[in-house]
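A short write-up of the structure that comes next.
Values in this text are rule-based calculations from the coordinates and carry no lab data. Computed from a predicted structure; not experimentally measured. Here the Cβ positions follow ideal geometry from the backbone for every residue, glycine too, while neighbour counts run over all protein chains shown.
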Amino acid sequence: EAPPGAARGPPPPPRRKHAYEYFAEWDKYDADAEAAKVDREASGTVVAGGGGAGDESDGLPAGLTAAMLREMPRVEVERRALAEKQKGNEQYKVGEYKKAIVNYTHSLRLDPGNAAVYANRALCNLKLRSNSLAVADADAALSLDDGFTKARLRRAIARRRLGQPAAAIKDLRRVLEVEPHNKEAAEQLRLATIEGERERREEA
């Protein structure tokens with residue numbers, strides 16, 4: 001550590017993650033096991049899950065293995081990824097957020113470069129109060145498209161819930177620069193500002 005008074009150089013800029021690295025935040029989430037759990041809850045029956053932890057086929061749709069995926073034409077992979085995204089959208093519409101997450105995870109395993117799917121999964125995680133996962137998904141969406149306002153707003157909401165008002169305020173101001181009449185962002189900014197002021201008073 002530098003002695004007191006010594007000049008310190010600026011810290012190195014943080015390395016920008018690739019989108020696929022955000023799957024690390026999901027290491028404890030087994031989409032196949034979650035799908036089986038959801039099915040059991042719905043029908044009372046036991047449904048066999050997919051590969052175990054660390055299986056490279058984890059997160060792929062039922063009946064599809066990593067080996068099959070490697071041999072599949074790109075256009076077919078994209079078609080399947082879109083189909084899983086659409087299934088997730090339908091599940092979201094009827095409030096089946098866990099099932100939607102399973103479909104979105106399948107879609108992302110097929111096509112990890114789709115910012116909209118990350119943002120959709122972030123929204124499902126917000127609905128389920130899985131705020132850390134929502135931040136990870138919003139981060140991934142923004143790494144692919146830094147101008148994705150919906151993803152930034154969803155990250156701000158998750159950050160607020162995680163007790164990070166300063167980070168939330170930063171995101172919300174960016175959102176309002178682009179969408180000054182966004183009522184949800186304005187309300188979230190109001191709440192985050194109150195929480196930030198309370199935090200500063202408690203630290204004083």
Per-selection metrics, segment 136-202 (Cα): Rg and Dmax in Å: 11.6, 37
How high is the relative contact order of segment 97-173? Use alpha-carbon pairs under 8 Å, at least six apart in sequence, and give a whole percent. 25 percent
Take the cross-link list Lys127/Lys150; Lys93/Lys127; Lys99/Lys127; Lys98/Lys183; Lys99/Lys170; Lys98/Lys127 and give me the ones stretching past 21 Å between alpha-carbons. Lys98/Lys183; Lys99/Lys170
Normalised radius of gyration for segment 94-196, please: alpha carbon Rg relative to 2.2 N^0.38 Å, two decimal places. 1.04
Under the Kirkwood approximation for Rh and a Cα-based Rg, what ratio Rg/Rh is obtained for segment 106-147? 0.96
Modelled label reach - Arg198, point 7 Å along Cα→Cβ, segment 168-192 residues with backbone N closer than 18 Å: 168-170, 187-192
Each residue of segment 179-186 in turn: what ³J(HN,Hα) in whole Hz from Karplus with 6.51, -1.76, 1.60 and θ = phi - 60°, glycine and Pro shown as x? 10, x, 9, 6, 5, 5, 5, 5
